[in-house]
Amino acid sequence: MAGHDGTGLIDGADGRARCWWHGGAEDYQAYHDNEWGWPVDDDRRLFEKICLEGFQAGLSWLTILRKRENFRAAFANFEFEKVARFGEKDIERLLQDAGIVRHRGKIEASINNAKRALETVEEFGSLAAYFWRFEPGPDARPKRLDYAALGTLGKTPESVAISKDLKKRGWKFVGPTTVYAFMQAMGLVNDHLEGCAYRNEIEAARASFKRPG
């Protein structure tokens, strides 16, 4: 994958500067441009992402991204009402599915988390309303998000708070680093670097985004 010159930015074939981490891979760049950081209030997508971040633990996100369609097929498109009804036969089916990460603990955690998602929706009205309660205020964010500042954000007080609260509610594979990656991807924070062509676009999207709740 392509590196960067210390700024955390690399230039694409289209001449636009982007965060370095997509490394020039076509599918990863598309994820950077079209998904990562755009604010999300769709419960299915939020549940999918929190599950896939759990599966990603110990692996690269690109590995999971390239298996995402297989995961969707295997987990009923991450419709948590359906996943909550998965039983032992489904677990055995998933353990035989070479298209996903065959880790019993993570599979069982996703089924458990679907049940917890139903409880969360019952209490808060939606997963979106629950998660967006934890959006950090401007004062909690770096004044300038450059490559050095991003390096300090592996976990934050907000991701620690979400992680603790989810664990208290019985969710699994939701450590603070996993939760922060979820927050970055779902737009609760904008961690596109200063100078990235998409940072200002996402700031505008976040400004006009109607917070659920």
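Key figures
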read-out: Enumeration of residues in the stretch 78-92 that are outside any helix (DSSP H, G or I) and either surrounded by 12 or more Cβ atoms within 10 Å (Cβ to Cβ) or among the charged types (D, E, K, R) (or both); value: GLU79, ALA84, ARG85, PHE86
read-out: Pick from the stretch 197-213, criterion among the charged types (D, E, K, R) and not in a loop (DSSP other than H, G, I, E, B), ranking: nearest to ASP42 (Cα to Cα); value: ARG206
read-out: Conditions (1) farther than 18 Å from PHE173 by Cβ; (2) surrounded by 14 or more Cβ atoms within 10 Å (Cβ to Cβ); (3) free of Cβ contacts under 8 Å to residues at least 40 places away in the same chain; number of the one not met by PHE75; value: (1)
read-out: Residue pairs meeting the criteria (Cβ under 9 Å; at least 6 apart or on separate chains; first among the β-branched types (Val, Ile, Thr), in the stretch 6-30; second assigned to a strand (DSSP E or B)); value: THR7/ALA17; ILE10/ALA17; ILE10/ARG18; ILE10/CYS19
read-out: Long-range neighbours under 8 Å by Cβ, at least six apart or interchain, first residue surrounded by fewer than 15 Cβ atoms within 10 Å (Cβ to Cβ) within the stretch 195-207, second assigned to a loop (DSSP other than H, G, I, E, B); value: GLU203/ASN190
read-out: Hits in the stretch 134-186 (condition: at positive phi and buried (at least 16 other Cβ atoms within 10 Å of the Cβ)); value: PHE173
read-out: Verdict on ALA129 being touching a Pro at 6+ places or on another chain (Cβ under 9 Å) and either buried (at least 18 other Cβ atoms within 10 Å of the Cβ) or farther than 26 Å from ASP33 by Cβ (or both); value: yes
read-out: Criterion (touching a His at 6+ places or on another chain (Cβ under 8 Å) and of a type outside the set (Lys, Arg)) met by exactly one of PHE75, PHE55; value: PHE55
read-out: Options ARG133, ARG211: the member that is touching a residue at least 24 places away in the same chain (Cβ under 8 Å) and under 26 Å from ALA84 (Cα atoms); value: ARG133
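None of the figures in this text is laboratory data; all of them are computed from the coordinates on show. Values in this document were obtained by computation on a predicted structure and should not be read as measured data. FYI the Cβ positions are ideal-geometry reconstructions off the backbone, even for glycines, and counts take in every protein chain you see.
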